[in-house]
Amino acid sequence: MADVLVIAGEPSGDLHASVLVRELKARHSNLSVCAVGGSNLQQAGAHLLFNIMSLSVVGLAEVLKHYGTFVRLLRWLVRWVRVYQPKVICLVDFPGFNLRLAQALYRAGLSKKAGGSTYIYGYIAPQIWAWKAHRRFKIARWFDALGVIFPFEVECFADTNLKVNFVGHPLLRQKNPFRYDPNGPLLLLPGSRLGAVTRIFPLLKEAFGYLKKNRPSLKGIVPFPNDNVGSYAKNNLSPDMTTCPLSELDNGVCGALMSSGTASLQVALAGIPGVVAYRAHPITFFFGKRLVKVPYLTMANVLLKEDFYPEILQDTPSQATVVAQRMATFLNDPQNARVRFENGAQRLKEMLSASPKHSAIEDVERLLGLGNG
């Protein structure tokens, strides 16, 4: 028997879920928690069944390469659930896999809604507001409860009978690794998945080179979130760049050139000026341009409903030059940039804060039948 099984298939989900597990274990030391995830969940006290971070991918083309592995893992997990009967399964983001797992558990009669003994809890919902909105009906059918991290997501499920709580954004419960310093180096954040990093880092490095022509003293820093990205970064630095583990970053930074992932929201919450560059696999970009229904890729822009952080897509002519030009406007006027981005950070923090009564921990405790829930 197990109490909780956590499935987090991406680096950001692994990090966010680890905060949840650590706090659950602090409240209930005897709680048995198993996980499919990464090192953050393991360090938080979960028994790691499978380290899935090596399979962390984004985009259609990348997923297809690992399709067979995901299918085998899904079948194995259904067998594991049948044997160990966890009270709650916490599915963290990773919708391409987690929705299929929820469906498989339902069809196998293992989940509560199918007459089984296991509650299915979703933490960090699929972005149905961006594309595939019809998925909300599948989620409502297969899940028992859902904790969303953006306030507008609750309304996305208003026409279903699913219990949905806005539980606040987990980044507000974590130390932000970034801080602003107008005299610091320029931050380069190419992402956490090696496949994506190899596409976007050369672009960021090229933009950094353009900026440096007019700012000879400018330095760059590339903090890496995992060993794979760290090894790549160390082998591809420009002479005026340094790198370090993200956890050891102690520099303030004057700005950020970045991808559109979770780290971009951390940058925004720190009030740091920046520019977002997007460069996906060509197939992924082709379909994404036609399927995604929101005007922005960066979550700070989605929340603020404006082009707050300039987004320079891969179909932009001379993409690296444009990235550098937009970044230069902020570096040339640091006082106004600081006011602008500090105000944006404050607005974001207000939007992403939730009542303590509506936390993911409270949700899981209720499903476990624990006294604090």
So R179, is it in contact (Cβ under 8 Å) with a residue 40 or more places away in the chain and more than 26 Å from G274 (Cβ to Cβ):
no
Condition first: surrounded by fewer than 21 Cβ atoms within 10 Å (Cβ to Cβ) and either among the β-branched types (V, I, T) or not assigned by TED's automatic domain parsing to the domain that holds M327 (or both). Can you find one or more residues in the range 119-127 that meet it?
yes
If V197 satisfies every condition in (1) modelled with pLDDT of 95 or more; (2) not in a loop (DSSP other than H, G, I, E, B) but one, which is the exception?
(1)
Would you mention how many residues in the range 4-26 are surrounded by fewer than 19 Cβ atoms within 10 Å (Cβ to Cβ) and touching a helix residue (DSSP H, G or I) at 6+ places or on another chain (Cβ under 7 Å)?
2
Looking at the range 327-354 only, could you name the residues that are in a loop (DSSP other than H, G, I, E, B) and either touching a strand residue (DSSP E or B) at 6+ places or on another chain (Cβ under 8 Å) or touching a residue at least 60 places away in the same chain (Cβ under 8 Å) (or both)?
S353, A354
Restricting attention to the range 303-324, which residues are among the hydrophobic types (A, V, I, L, M, F, W, C) and either surrounded by fewer than 20 Cβ atoms within 10 Å (Cβ to Cβ) or not assigned by TED's automatic domain parsing to the domain that holds P190 (or both)?
L304, L313, V322
Take the conditions crowded, with 22+ Cβ neighbours inside 10 Å and either modelled with pLDDT of 95 or more or not basic (K, R) (or both) and apply them to G230. Does it pass?
no
Scanning the range 250-289 for residues that are modelled with pLDDT of 95 or more and part of a loop (DSSP other than H, G, I, E, B), the one surrounded by the fewest Cβ atoms within 10 Å (Cβ to Cβ) turns out to be G252
Would you pick out the residues in the range 327-359 that are crowded, with 19+ Cβ neighbours inside 10 Å, at pLDDT 95 or above and not aliphatic (A, V, I, L, M)?
F330, F341, G344
Could we say that P185 is buried (at least 18 other Cβ atoms within 10 Å of the Cβ) and either within 28 Å of F150 (Cβ to Cβ) or at pLDDT below 95 (or both) here?
no
Could you give me the residue pairs with C-beta distances under 9 Å whose first residue belongs to the range 237-264 and is within 15 Å of V197 (Cβ to Cβ), whose second residue is among the basic types (K, R) and assigned to a loop (DSSP other than H, G, I, E, B) wherever it lies, and which are 6+ apart or on separate chains?
M241/K219; S259/R279; G261/R193
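This table checks each residue for (1) small (G, A, S); (2) assigned by TED's automatic domain parsing to the domain that holds Y123; (3) surrounded by 15 or more Cβ atoms within 10 Å (Cβ to Cβ); (4) in a loop (DSSP other than H, G, I, E, B).
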residue: E155; (1), (2), (3), (4): no, yes, no, no
residue: A158; (1), (2), (3), (4): yes, yes, no, yes
residue: K175; (1), (2), (3), (4): no, no, no, yes
residue: P216; (1), (2), (3), (4): no, no, no, yes
residue: P223; (1), (2), (3), (4): no, no, yes, no
residue: N236; (1), (2), (3), (4): no, no, yes, yes
residue: P239; (1), (2), (3), (4): no, no, no, yes
Among the residues of the range 104-138, what is the count of those that are more than 22 Å from G369 (Cα to Cα) and outside any loop (DSSP other than H, G, I, E, B)?
6
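The values are calculated or read from the model by the stated rules, or taken from the named source; none is laboratory data. Computed from a predicted structure; not experimentally measured. Neighbour counts run over all protein chains shown; Cβ positions are idealised from the backbone, glycine included.
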